[in-house]
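First the structure, in the form of structure tokens, and then the observations on it.
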Amino acid sequence: MGDPKTVDHLLLSCPVVTRLWSALSIATGNNFTFQSLPDLWEAMRSIAPSGGRNTQAHFLNLLIPAGLWALWRTRNETIFRGQRVYFENIWDLSLGLIQDWGRHLVGLKGVRYAGGRLGCET
């Protein structure tokens with residue numbers, strides 16, 4: 001499963017992390033399963049918008065960075081404040097970041113999560 005102190009563990013192999021990537025995969029219909037850091041970087045590169053106002057591509061481009069930022073913030077809360085790690089907290093933080101970034105960076109009207117599906121409102 002990996003050493004808890006490694007980047008691979010933090011971003012790829014921790015059971016909570018694999019649950020996050022799986023949940024994002026299911027919620028969006030995209031494949032967010034990564035075997036290595038190069039896989040993760042390639043996934044971010046492959047969904048990057050090619051320019052213009054392709055709001056769906058911009059929306060998808062928010063998902064992995066939001067997940068990574070939520071994981072990093074949770075890691076810091078665990079290390080520096082002794083808080084426990086709960087998937088639900090990481091999920092809620094990820095969704096909040098996607099909503100905020102979607103409105104402010106991409107210009108979306110909103111982001112919805114209903115019926116297990118995550119989508120954007122343009």
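Within the stretch 65-96, report the chymotrypsin sites (Phe, Trp or Tyr not before Pro) that DSSP leaves as loop and that have at most 13 other Cβ atoms within 10 Å. When the chymotrypsin sites (Phe, Trp or Tyr not before Pro) of the stretch 65-96 are filtered for loop state and at most 13 Cβ neighbours within 10 Å, Tyr86 remain.
Coordinate range of the alpha-carbon atoms in the chain per principal axis, descending: 41, 28, 25 Å. Taking a sphere under 15 Å around the Cβ of Phe34 and counting the other residues whose Cβ falls inside, with K and R at +1 and D and E at -1, yields a net charge of -1.
Full extension of the chain between Ala114 and Ser46 gives 21.9 nm of extra length, using 0.36 nm per residue less the Cα-Cα distance. Apolar share of the accessible surface for the stretch 1-100: 55 percent from carbon plus sulfur atoms, 1.4 Å probe. What the chain shows is 59 Å² of accessible area per residue, with the surface traced by a 1.4 Å probe over protein heavy atoms.
The values are calculated or read from the model by the stated rules, or taken from the named source; none is laboratory data. A quick note: this is a predicted structure, and the numbers were derived from the prediction, not measured. Using ideal geometry, Cβ is built from the backbone for each residue, glycine included, and neighbour counts are taken over all protein chains shown. Accessible surface areas use protein heavy atoms only, side chains included; no ligands, DNA or RNA. Shrake-Rupley method; radii C 1.70, N 1.55, O 1.52, S 1.80 Å.
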